[in-house]
Amino acid sequence: MKRVIVIGCPGSGKSTFARELHKKTGLPLYYLDMMYWNSDRTTVAKEIFLSRLSEVLRENEWIIDGNYASTMEMRVDRCDTVFFLDYPTEVCLEGIEARRGKDRPDMPWVETEADGEFIEFIKSYNTENRPKVLEILEKCICKSVIIFKNRDEAAKYLKNL
């Protein structure tokens, strides 16, 4: 395990899992949100985001935390291990609520209030985005794909690593 992606619905705990994996493995950790967003909640130009991501992908070792469907296949192509946090919607909504108001190393700002559009994205993730993710993962024949169905499974994996 040298090139890892951590994916899943927002609020599933991707960043928390990725940080713990980083502590256990020593692999460099990169957050897609930090590559894509500015602290004023604007986005960088697509070319800049892709350049930042491509730079990381050229490295021999990394953990990349985040979804970003537009770059999923390029990350899957380069990785050797995929962790998919495949949790129920309610768990992800609770995760979003629990992180509100907290400073986080994976985001360039502190979320202080609910974002209705973001909540709707989470509510539709399992019907809209999850099938596309599973379709991509089905093609990962020569890669290690680990799917967790709940937080306990992920925590047990990390504990035993």
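The values are calculated or read from the model by the stated rules, or taken from the named source; none is laboratory data. None of the values given here were measured: they were computed from a predicted structure. Every residue, glycine as well, gets a Cβ built from its backbone with ideal geometry; the counts of neighbours run over all protein chains shown. Only protein heavy atoms, including side chains, enter the accessible area calculation; ligands, DNA and RNA are left aside. Shrake-Rupley method; radii C 1.70, N 1.55, O 1.52, S 1.80 Å.
Quick notes on this structure:
- DSSP-loop trypsin sites (Lys or Arg not before Pro) across the stretch 93-158, with at most 14 other Cβ within 10 angstrom: Arg100, Lys102, Lys139, Lys149
- Phi angles of the stretch 53-63 translate, via the Karplus equation with coefficients 6.51, -1.76, 1.60 and θ = phi - 60°, into HN-Hα couplings of 5, 4, 4, 5, 4, 6, 6, 7, 9, 5, 10 Hz per residue; Gly and Pro are given as x.
- Derived scalar couplings ³J(HN,Hα) [the stretch 154-160; Karplus, 6.51 cos²θ - 1.76 cosθ + 1.60; whole Hz; x for Gly, Pro]: 5, 5, 5, 4, 4, 5, 8
- Integer Hz, Karplus 6.51/-1.76/1.60 couplings in order for the stretch 35-44, x for Gly and Pro: 7, 9, 9, 9, 5, 8, 6, 9, 9, 6
- Inter-label distance for Ile141 and Arg58, nm, one decimal - labels placed 7 Å from Cα along Cα-to-Cβ: 3.1
- When shorter helices are ignored and each DSSP H run of at least 4 residues is given -39500 (n - 2.57), the per-residue value for the chain at 222 nm works out to -15000 deg cm²/dmol.
- Spacing of the modelled spin labels on Thr127 and Ala45, each 7 Å from Cα toward Cβ, amounts to 3.9 nm.
- Taking amide H as placed 1.01 Å from N in the peptide plane, Ile147 has its amide H under 5 Å from the amide H of Phe84, each at least 5 places away in sequence or on another chain.
- Accessible surface of the stretch 1-48, 1.4 Å probe, proportion on carbon and sulfur as whole %: 50
- Between the listed residues Asn126, Phe148, Ala114, the Cα displaced farthest toward the positive end of the dipole of the stretch 107-152, a dipole computed from Cβ unit charges relative to the Cα centre, is found at Phe148.
- DSSP beta bridges in the chain [antiparallel fraction, %, rounded to 5]: 5
- Taking a straight line from the alpha carbon of Lys24, these lysines sit under 25 Å away, with near neighbours fewer than eight places off in the same chain left out: Lys2, Lys14, Lys102, Lys143, Lys149, Lys156, Lys159.
- Averaged over its residues, the stretch 32-161 has an accessible area of 59 Å² per residue, based on protein heavy atoms and a 1.4 Å probe.
- Looking at the stretch 1-59, the trypsin sites (Lys or Arg not before Pro) that sit in a DSSP loop and have at most 11 other Cβ atoms within 10 Å of their own Cβ are Arg41, Arg58.
- Classified by the C-alpha gyration tensor, the chain has a rounded form. Its axis ratio a/c, with a ≥ b ≥ c, is below 1.5.
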